[in-house]
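Read-outs: derived from the displayed coordinates by stated rules, not from any lab. Model, not experiment: these values are computed from the prediction. Cβ atoms come from the backbone with ideal geometry, glycine included; neighbour counts cover every protein chain shown.
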Amino acid sequence: MHAFLADIGLAIVVASIIGILAYRAGQPLIVAYLLAGIIIGPEIGPQLVKDPEHIDLISEIGLILLLFIIGLEINPNMILRSGKLLLTTGLGQFAVSVALGLVFFSLATGLALQDNRVLYLAIFGSLSSTAIVVKSLYDKYELDSLHGRVSLGILIFQDVWAIIILALQPSLSAPGFWPVFRSLILTTVLTVAGFLFSKYILRWIFARLDRSPEMVVSTAIGWAVTMSGLAGAMDLSVEMGALIAGLAIANYPYSLHVTARVLPLRDVFLTLFFVSLGMKIPMPEMGSMMYLLLLVIFLFLSRPLIVYPLVRLGGGSSRTGFLSSINLTQFSEFSLVIAAVGLSLEHIDRNMMSALLYGMVLTSILSAYSIKYNHKIYGMFHKWNAKRRMRKEILSEGGTTGAPETEEEVHLPGRSIFILGYHRGAQSMVTSLMDHRPELLEKVTVVDFNPEILRQLQHYPVQGVFGDLSDRSTLEHIGLQRARVIFITIPDLLLKGTSNLRLVTLCRSLAPEAAILATADDSARAQKLREAGADGIVTPDHYIGEMLARTLMRLEKKQEILEEMDAVEEEEHIRDD
């Protein structure tokens, strides 16, 4: 077997074994993957993998897929609507953090502000990990929450800053205007070209592939690889190219289906990313411990001191500010890239690089736990804050501190009614609701594979999603776990690759409290659906029979009335004679 395949296989096997143990113990999987890297790595472990570059290559693919999916999940309209909150936190966090970091690290190390090492430390302490935050929030279904969107917005701005820094690094000793201007121009050109190609050519291509979901996915991945290659050819970050590729098709009806299909592939590559990170952890040296201590102290002090006030300044709640601060307490994978370039340019020494690696591993582990229990941590903070305000009121001898601030996040109206498959019954129901209760349609999400149907739904206040209604990740992604009512409207005769019984079982596992109404072709299947957890059964033949019976009874009644009227008229004629 080729050494490349052997190293990849070993990494996956060891990561899987330790991942299973961590999962059974209720521990974050990221911790397991880092530990797997330490075990098989060439630094601390028994050197089972002697060439870490094999794993690095695969892990870079994971980052590309991650940025592509982030782009798919970013709704530009939603970002624009976020307005002041997103701009305040996104633009302010990195700038304020670097400025504060320059002062902190200069005083703590005794180095001059102009020293490159101080600037690098400040940059390392100002960037957070997109991979860790997105994966952790996605696993908790909080990526679309307000604090999740704020965290993601800050991370996107950080990634842009990181790319600019990478462009500037070769000239840090003598910085000039041209490197910055060139980087911004090339990024703008790539973005505009990507959106124009997507609008006028890619949309046309997708329209002719919409009957083949597999081709939609492969074309989307090909598009991401193409944009990443173009970015690399322009001396930009390949990850930035993938992000632009995702953004360019984020508003397509196919984006959620592509996301659901690519996620398992992305998770495999991201597993190797964290394994490769663990493999790079060196034996600890005293020279790097001072840098490590300063970096960790700055990180945990600066996030709440900077992010929390910026969120409050932008109009966010105390909860949003606190949770966003917790979400961002780890070092970025971009920092490793920046550090590697800085080491090759002799801007920093190996001790600083080792400190960053240890810091990233340490904060990755701590962050995995802090994000997992972020709401509990906030609950303790909220209780402490409430007691502090109460003591302040008592000490002020009856003085008031103002109305208590609300701690609840403001959520957009949720869509709690889901229709899986837009068949004739569902179409009739939507049309009827539009005539009598149109406000209910604002709570409805329809999942279907037919793009023509999704185009028809644009005339209604219904959210249409292109996707496989039998795919668990698709249903999780649209928030089915928050459903109150679920309709499964397509008969088994028309379903391909699944059945109403499988769909009911899947929906019941995702939304145990929801009311599920399924479709059955006969009484035997109806009984099985009830046993699987369906609350109501729609039998088309039964309803058609009832409708025909009601129609017949109305016709018979009408006939009886006519006959009675004829009899009355005949009696009147007899009397007249």
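Here the gap between MET289 and ARG24, fully extended at 0.36 nm per residue and compared with their Cα-Cα distance, gives a gain of 92.1 nm. Taking only alpha carbon atoms, the stretch 421-520 gives an Rg to Rh ratio of 0.93, where Rh is the Kirkwood radius. Work out how much length LEU494 to ALA233 would gain on full extension: take 0.36 nm times their residue separation and subtract the Cα-Cα distance, in nm to one decimal. Length gained, LEU494 through ALA233: 89.2 nm. Here r is the Cβ-Cβ distance between ILE164 and ILE205 and R0 is 35 Å; the resulting FRET efficiency, rounded to 0.05, is 0.60. Extending 7 Å from the Cα toward the beta-carbon at both ASP535 and ARG484 defines two label points whose distance is 1.0 nm.
Maximal additional length on extending the ARG554-ASP522 stretch stands at 8.8 nm, based on 0.36 nm per residue less the C-alpha distance. Using only alpha-carbon positions in the stretch 454-513, the gyration tensor eigenvalues give semi-axes of 19, 16, 11 Å once each is multiplied by 5 and square-rooted (largest first).
Separation of the alpha carbons by more than 29 angstrom is noted, of LYS135/LYS376; LYS84/LYS135; LYS443/LYS557, for LYS443/LYS557. Inter-label distance, GLU43 to SER218: 4.0 nm, where each label sits 7 Å from its Cα along the C-beta direction.
Under 20 Å from a point 7 Å along the Cα-to-Cβ line of LEU196: which residues of the stretch 225-243 have their amide N that close? Under cut-off, by backbone N: 226-236, 241-243.
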